[in-house]
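All remarks here apply to the structure that follows.
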Amino acid sequence: MFLYYNQTRIYYKRENQGGKTVLLMHGFGADSKAVDCLFYFLKNRGYDVISLDFPGFGESAEPYEAWSIYDYAECVKYIINTLSLNNVVGLGHSFGGRVGLILASEGYLSALILIDSAGLKPRRNPTYYIKVYAYKIRKFFKLKTDNAGSADYKRLSVNMRASFVKIVNAHLDGILNKIRIPTMILWGKNDKDTPVYMAKKLRKTIKNSILHIMDGGHFSYIDSYNETCMHVENFLCSL
């Protein structure tokens, strides 16, 4: 199914309309298929489950300009309002967790599930700053910078690269204390993209939150699928 937000086509799928609503939000560079294992688990358990492709990914159109994380959050707010969703439980992986944090802090969710969520300011070692400084020097002197950036970054369009830069440089640490809803945090103990110290900070700062550290890396919901389903079901039943 499709709807339109600011002339941008948004794809979403939905099952079991009328039950307890769970909104799935995938990671950056992926699409709704990345969380299909959770979508069909929740569908089979009778939940009203909705999964979208964020603009720029999957079957959704690319935004007409570079979006910030708050632009993506506004898009999801529009979906919630357009579909007349109430008491929405947000489930966000990685980038989807960023969006979930904003929605939760602004009262758009009744509960939140974060899985290896991005959004916090990372700890940086000196090597990182050396690389950044070297890149800026090369750019200033108009030297070649084609090799800068990850493989995932290089696969993005120019527009989505600009969005990516905006998103990763927006740190959401300052809004965590505004989240008052029940929050469950699931994390892979070997996650190198969003290390476990981030999970612990989320747990410490978000009131009414619980943390489960599982086997696996950044896609812990796949690496520890059965355990993830158990925690998600128990959390949803507790609401």
* Going by the structure shown, is I79 more than 20 Å from M160 (Cα to Cα), among the β-branched types (V, I, T), out of contact with any Phe, Trp or Tyr (no Cβ under 6 Å at 6 or more places or on another chain) and modelled with pLDDT of 95 or more? -> yes
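Name the helices (runs of 4 or more DSSP H) wholly within segment 150-239 that hold at least 2 residues that are farther than 27 Å from T21 by Cα, in contact (Cβ under 8 Å) with a residue 12 or more places away in the chain and not hydrophobic (A, V, I, L, M, F, W, C)?
Numbers: elements: 151-154, 158-168, 196-205, 220-223, 225-238.
Where helices (runs of 4 or more DSSP H) fall fully within segment 150-239 and carry at least 2 residues being farther than 27 Å from T21 by Cα, in contact (Cβ under 8 Å) with a residue 12 or more places away in the chain and not hydrophobic (A, V, I, L, M, F, W, C), they are 158-168, 196-205.
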* Please tell me if Y133 is at pLDDT 90 or above and aromatic (F, W, Y). => no
* Looking at Y12, Y5, which one is over 18 Å from the mean Cα position of the chain (by Cα) and aromatic (F, W, Y)? -> Y5
* Asked: List the pairs whose first member sits in segment 70-82 and is more than 18 Å from A118 (Cα to Cα) and assigned to a helix (DSSP H, G or I), whose second member is modelled with pLDDT under 95 and not β-branched (V, I, T), and whose Cβ atoms are under 8 Å apart, counting only residues at least 6 apart or on separate chains?
  -> C75/N6
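Determine, yes or no, whether Y72 is of a type in the set (F, W, Y), touching a Ser or Thr at 6+ places or on another chain (Cβ under 7 Å), surrounded by 17 or more Cβ atoms within 10 Å (Cβ to Cβ) and under 24 Å from K166 (Cβ atoms). Spell out the reasoning first.
Working: of a type in the set (F, W, Y): yes; touching a Ser or Thr at 6+ places or on another chain (Cβ under 7 Å): no; surrounded by 17 or more Cβ atoms within 10 Å (Cβ to Cβ): yes; under 24 Å from K166 (Cβ atoms): yes.
Taking the combined requirement at face value, the residue does not satisfy it.
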* Asked: Restricting attention to segment 38-49, does a residue exist that is surrounded by 19 or more Cβ atoms within 10 Å (Cβ to Cβ), of a type in the set (A, V, I, L, M), over 15 Å from the mean Cα position of the chain (by Cα) and assigned to a strand (DSSP E or B)?
  -> yes
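The values are calculated or read from the model by the stated rules, or taken from the named source; none is laboratory data. What you see is a predicted model, and the numbers here were worked out from it, not measured in a lab. As a convention, Cβ positions derive from the backbone with ideal geometry for all residues, glycine included, and neighbour counts pool all protein chains shown.
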